[in-house]
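Quick notes on the structure that follows.
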Amino acid sequence: MKDTDIREQAKTDFDEYLDTIDNSYGHGYCLQNDIEQLAKELISTLPKIDRKKLRQEMDEMFVEVYDNPTTFNINEGIAKAQGYRERLGEMLILASREYNVRNSVMEMLTTSNTVVSKASSADKRKGEAMMKYPTQFIHLEAAEAFKDEVQAKLNNMKAVSDAVSRQASVLQLQMQLGEIHKDDETDRKLKSITGEAYAQGLIKNPMA
């Protein structure tokens, strides 16, 4: 995890929070106000994630899968995909923790509200909880959406990594069977590098 992933550090250390609630609430029956205070203090253990920056970083994660890859293309692709997967794993830890904590908070609030509510049906009790804790519902939805985005990007990067790895296996097998010789591979690599240089305007058309 990078320091820049966080817009604002948590106001309360989680272990300190656990010590506090044991001393303050661990010896008796909790009222609704107590539950709401517990929930508020639990939320304070979460850092504020810079989702905008992380989304931008995810948008820039790209690994090209070539139709006719050289060993250089494959090695580069595998290295990039592995680096992205590790980075996305860090993001997922952050996103999952926020979602899990906020989901627990909502369960605490809605369940305790059910006990004291005078509403006559489950739907009415749910609506009452929504009216009492609208911001918590919104924060939970935002946390879940971001977690799902990171997970989807990670799944996509795993698929790309698997595709490039399969290409590496096929290329290795072709070389073992003699379908591709080292000279051919060197020639393909040279053509790939030359083509990229031409595309960037660094050299004249190599086919001219």
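Tell me the trypsin sites (Lys or Arg not before Pro) within segment 1-104 that lie in a loop according to DSSP and have at most 14 other beta-carbon atoms within 10 Å.
Details: sites: 2, 7, 11, 40, 48, 51, 52, 53, 55, 80, 85, 87, 97, 102; in loops: 2, 11.
Sites meeting the loop and neighbour criteria: 2, 11.
Summarising the amide proton neighbourhood of residue 6: residues at separation of 5 or more, or on other chains, whose placed amide H is nearer than 5 Å comprise 50. Applying the Karplus relation 6.51 cos²θ - 1.76 cosθ + 1.60 with θ = phi - 60° to segment 141-158 yields 3J(HN,Hα) values of 4, 5, 5, 5, 4, 5, 4, 5, 5, 5, 5, 5, 5, 5, 4, 5, 5, 5 Hz, where x marks Gly and Pro. Label-to-label distance, residue 123 versus residue 141, with points set 7 angstrom from Cα along the beta-carbon direction: 1.9 nm. Using 0.36 nm per residue and subtracting the Cα-Cα separation, the extra length available between residue 16 and residue 90 on full extension is 24.3 nm.
Fully extending the segment from residue 104 to residue 165 would add 18.0 nm, taking 0.36 nm per residue of separation and subtracting the current Cα-Cα distance. Using θ = phi - 60° in the Karplus curve 6.51 cos²θ - 1.76 cosθ + 1.60, the 3J(HN,Hα) couplings for segment 61-67 round to 7, 8, 10, 7, 10, 7, 6 Hz; x is entered for Gly and Pro.
Once both labels are positioned 7 Å from their Cα atoms along Cα-to-Cβ, the gap between residue 152 and residue 40 label points is 3.6 nm. Extension gain, residue 72-residue 174: 0.36 nm per intervening residue step, less the Cα-Cα distance, totals 35.1 nm.
Enumerate by residue number the chymotrypsin sites (Phe, Trp or Tyr not before Pro) in segment 1-54 meeting two conditions: DSSP loop (anything except H, G, I, E, B), and at most 14 other Cβ atoms within 10 Å of the site's Cβ. Please list the in-between numbers first.
Details: sites: 14, 17, 25, 29; in loops: 29.
Within segment 1-54, the qualifying chymotrypsin sites (Phe, Trp or Tyr not before Pro) (loop, at most 14 other Cβ atoms within 10 Å) are 29.
Do any GluC sites (Glu not before Pro) in segment 60-107 lie in a loop, going by DSSP, with at most 12 other beta-carbon atoms within 10 Å of their beta carbon, and if so which? Passing sites in segment 60-107 are 60, 64. Charge tally for residue 25 (other residues, Cβ to Cβ under 13 Å; Lys, Arg +1; Asp, Glu -1): -4.
Couplings 3J(HN,Hα) of segment 132-140, computed from phi: 7, 10, x, 5, 5, 4, 5, 5, 5 Hz, in residue order, whole Hz [Karplus 6.51 cos²θ - 1.76 cosθ + 1.60, θ = phi - 60°; x for Gly and Pro].
Values in this text are rule-based calculations from the coordinates and carry no lab data. As the structure is a computational prediction, the values presented were derived from the model and not from experiment. Neighbour counts run over all protein chains shown; Cβ positions are idealised from the backbone, glycine included.
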